[in-house]
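Heads up: the structure comes next, in structure tokens.
The values are calculated or read from the model by the stated rules, or taken from the named source; none is laboratory data. A quick note: this is a predicted structure, and the numbers were derived from the prediction, not measured. Glycine gets a Cβ as well: all are built from the backbone with ideal geometry, and neighbour counts include every protein chain shown.
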Amino acid sequence: MSFMTKAYCAAMWSRLRISVLANLRRPIARRPSLGKHGERVQDSQMHTSPLLLAAALLAAPALAADDAADLRAAAAAFDQAQVRGDRTALEAMIAPEFLFVRGSGRVGGKQDFIDGFTAPGVKLEPLVVHDPLLLRVQSDVAVIGGEAWLKGNANGQPFTEHFRFSDMFARRDGHWLVVYSQVTGLPRQ
């Protein structure tokens, strides 16, 4: 994880803790409870324990770290499936509604993407990713990206591509699926 990503995560975590602690000091607004038929029901006042809340906040990064490891593993498997041209693996890893935006701006779908990596005569070398990024958008949605160099051979012609990419993953039924990918071409320095 780069320094900027770590700094951003630390700043966001700090803001979250400050916000939660500020809300603990506010009085609890109470609404009358209503029973099954709309009658008022006497309920006991419930207070959140600051120690319980602090324990939950401290445990959250550990849970997120496990999730991040699963997400990174899914992203690595996705990259490897592309390099190997593994149609079966790509079919399983990509959501049906997947969209792919190329550097040219052309938009494709799942089959277009898979066909590009599994075309006869295309051989790829392992993908080299620099400056990797993992950005958690929601608990079940995240973006993995970075700068990459892709080398290979298409129908006997060698090629090298230099680009930045973003792959958006969504967790469904306990599995991370790719729902969106975008590539932006960079100069081949």
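Is it fair to say Ala170 is without any contact (Cβ under 8 Å) to a residue 24 or more places away in the chain and either within 25 Å of Asp66 (Cα to Cα) or in contact with a Lys or Arg (Cβ under 7 Å, 6 or more places away or on another chain) (or both)?
No; evaluated as a whole, the condition is false for this residue.
Here's the yes/no breakdown for (1) modelled with pLDDT under 95; (2) among the β-branched types (Val, Ile, Thr); (3) surrounded by fewer than 13 Cβ atoms within 10 Å (Cβ to Cβ):
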position: Met46; (1), (2), (3): yes, no, yes
position: Leu58; (1), (2), (3): yes, no, yes
position: Ala64; (1), (2), (3): yes, no, no
position: Phe100; (1), (2), (3): no, no, no
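Would you please name the residue that is nearest to Gly174 (Cα to Cα), looking only at residues in the range 132-142 that are touching a Lys or Arg at 6+ places or on another chain (Cβ under 9 Å) and surrounded by 12 or more Cβ atoms within 10 Å (Cβ to Cβ)?
Result: Asp140.
Could you pull out the residue among Pro120, Pro96, Pro158 that is more than 13 Å from the chain's Cα centre (by Cα), without any contact (Cβ under 8 Å) to a residue 40 or more places away in the chain and in a loop (DSSP other than H, G, I, E, B)? First the steps, then the outcome.
Details: Pro96 fails: in a loop (DSSP other than H, G, I, E, B); Pro158 fails: in a loop (DSSP other than H, G, I, E, B).
One residue alone meets the criteria, Pro120.
For the range 158-188, what are the residues that are aromatic (Phe, Trp, Tyr) and crowded, with 16+ Cβ neighbours inside 10 Å?
Phe163, Phe165, Phe169, Trp176, Tyr180
Restricting attention to the range 123-177, which residues are of a type in the set (Lys, Arg) and either out of contact with any Leu (no Cβ under 8 Å at 6 or more places or on another chain) or over 19 Å from Gln80 (Cα atoms) (or both)?
Step one: list which residues in the range 123-177 are of a type in the set (Lys, Arg), which gives 123, 136, 151, 164, 171-172.
Within the range 123-177, Lys123, Arg136, Arg171, Arg172 meet the criteria.
Could we say that Ala92 is small (Gly, Ala, Ser) and crowded, with 16+ Cβ neighbours inside 10 Å here? Spell out how you get there, then give the answer.
Numbers: small (Gly, Ala, Ser): yes; crowded, with 16+ Cβ neighbours inside 10 Å: no.
Taking the combined requirement at face value, the residue does not satisfy it.
Name every residue in the range 133-155 that is at pLDDT 90 or above, within 17 Å of Asp70 (Cα to Cα), in a strand (DSSP E or B) and not aliphatic (A, V, I, L, M), in order of residue number.
Gly145
Given (1) surrounded by 16 or more Cβ atoms within 10 Å (Cβ to Cβ); (2) of a type in the set (S, T, N, Q); (3) over 19 Å from Val179 (Cβ atoms), where does Gln82 come up short, assuming only one miss?
(3)
Taking the residues in the range 83-93 that are touching a strand residue (DSSP E or B) at 6+ places or on another chain (Cβ under 7 Å) and in a helix (DSSP H, G or I) as candidates, determine which candidate is modelled with the lowest pLDDT. Spell out the reasoning first.
Initially, the range 83-93 is screened for residues touching a strand residue (DSSP E or B) at 6+ places or on another chain (Cβ under 7 Å), giving 83, 85, 93.
Next, only the ones that are in a helix (DSSP H, G or I) stay: 83, 93.
Details: Val83: 94, Met93: 98.
If we take residues in the range 83-93 being touching a strand residue (DSSP E or B) at 6+ places or on another chain (Cβ under 7 Å) and in a helix (DSSP H, G or I), then Val83 is modelled with the lowest pLDDT.
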